[in-house]
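A.B. asks: Sharing a structure here in structure tokens format.
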Amino acid sequence: MSRFPGLLLCALLLLPALPCRAQEPPPAAPPVLLIGAEHAVALEPLAAWLGAACVWTARHAAVRVTLGARAVTLQAQSVVAQNAAGRPFRLPAPPVRRDGHLFVPTRAVVEALGGACAPREDGGMQVTLRDRALLLPAPPPGDLPADPAARLPLLIADPRLAVETLARSGGVAAHIRPYLAGFVKVATPVQPALTGIANSKALRLLTHVPVVGGLVSICQDAIGAITGTIGIARRLVEMDAQYLAPIRDGFLAAQAAAATPDAATIAAARPRWAAALAAVEKQRALNETADAHLGGMLAALTSVEAKMAEFRTAYPRSEHVLSLGPLQRAAEDLRVMVGAHHWQLTTMQAYFLALLAATAPAEEAGELPA
């Protein structure tokens, strides 16, 4: 009898180690790849792990991913996404289709849905949502082979650019037009209001008062910023039509080289790639100017809004009341689209440069780059 309590104690100690049922294996990590330098993950397995719902459009051109009150709408080959309120924001890389999956930039999509991402030392990513964690492996390396014959098809098939779509594209700046129209619509009534404040005789008599003088001066700056931004954005849209033909022709030449990668086809493609590169670089320079104008204008509008709040506090009965919220939102949305345009132009620039470098004659390049 003296041994019984000891045996019972041992049995109780061992009991937690005996499972009542077989343990479920951890879920398999979704497939991953690199889009440029960006870690990307297959959307539907990721959404299933997060508990998010995916609703695709009729032709699977876009997908809305919803998790609670959060949502993100994504489109293949587009760096512009939309949040739950329908406001656009820019992704670091576009979703791409590969092996039956839509691969999306991991961190941007997870954070848009309320999760968190932490890069790992091995190049992988840890995704967390509340008290759960998912370890994603490092994507396979995207290094290109040294052999030009093997490298060229991979360059042409750059997943960040839908070559077959861009070869018949209506122009990347076409996406800016609706946002430019929305910006002009809300800016048009604001400009006279700003002009009225800047030219008010009553206010000019009080320009020695800091809050009044500051408001008049900042309104004058904002008028110039709005006018300049509208002008430069319109030029960007017009320039897209001007330079669309050589860019589109450059992508058609890439398609031809992919189908028949012989010396004659590549020799015929090179001047077309050079013309496309020149057109892209001119558009890119103007795009940088447009982005700078938008940045300056948003800073001016923020200053006007802050000074207007001070003015309303100091002169609560003044007739000069101005709300810039709708204009600020329209300007922010337009800047997202200009930024997306700039990303695409930069990627196109690198694309045509890489094609020209990979096919450079030996006497021109000395030695093909590895």
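Every number here is computed from the coordinates shown, using simple stated rules; none is lab data. No experiment lies behind these values; they were computed from the predicted model shown. All Cβ positions, even for glycine, are placed from backbone atoms using ideal geometry, and neighbour counts span all protein chains on display.
A.B. asks: Using a Förster radius of 25 Å, what is the FRET efficiency between residue 126 and residue 66 based on their Cβ-Cβ separation? Nearest 0.05, please.
C.D. replies: 0.60
A.B. asks: Label point 7 Å out from residue 315 along Cα-to-Cβ: which residues of segment 173-192 have amide N under 20 Å?
C.D. replies: What the label zone holds, given the 20 Å backbone N cut-off, is 190-192.
A.B. asks: Binned at 10 Å from 0, what are the whole-percent values of the Cα-Cα distance distribution for segment 39-101, short to long?
C.D. replies: 21, 59, 20, 0
A.B. asks: Using a simple spin-label model with points 7 Å from Cα along the Cα→Cβ vector, what separation in nm is obtained for residue 353 and residue 238?
C.D. replies: 2.9 nm
A.B. asks: How far apart, in nm, are the 7 Å Cα→Cβ label points at residue 118 and residue 264?
C.D. replies: Roughly 6.0 nm, to one decimal.
A.B. asks: Then there is this: Restrict the search to segment 92-177; then list the GluC sites (Glu not before Pro) that DSSP places in a loop and that have at most 11 other Cβ atoms within 10 Å of their Cβ.
C.D. replies: Here the sparse-neighbourhood loop sites are 121.
A.B. asks: Work out the length of the dipole vector of segment 69-179 about its Cα centre, built from +1 on the beta-carbon of each Lys and Arg and -1 on the beta-carbon of each Asp and Glu, and round it to the nearest 20 debye.
C.D. replies: Working: 13 positive and 9 negative charges, 111 e Å.
About 540 debye.
A.B. asks: First measure r as the distance between the Cβ atoms of residue 255 and residue 53, then evaluate 1/(1 + (r/R0)^6) with R0 = 25 Å and state the FRET efficiency to the nearest 0.05.
C.D. replies: In this case the efficiency is close to 0.10.
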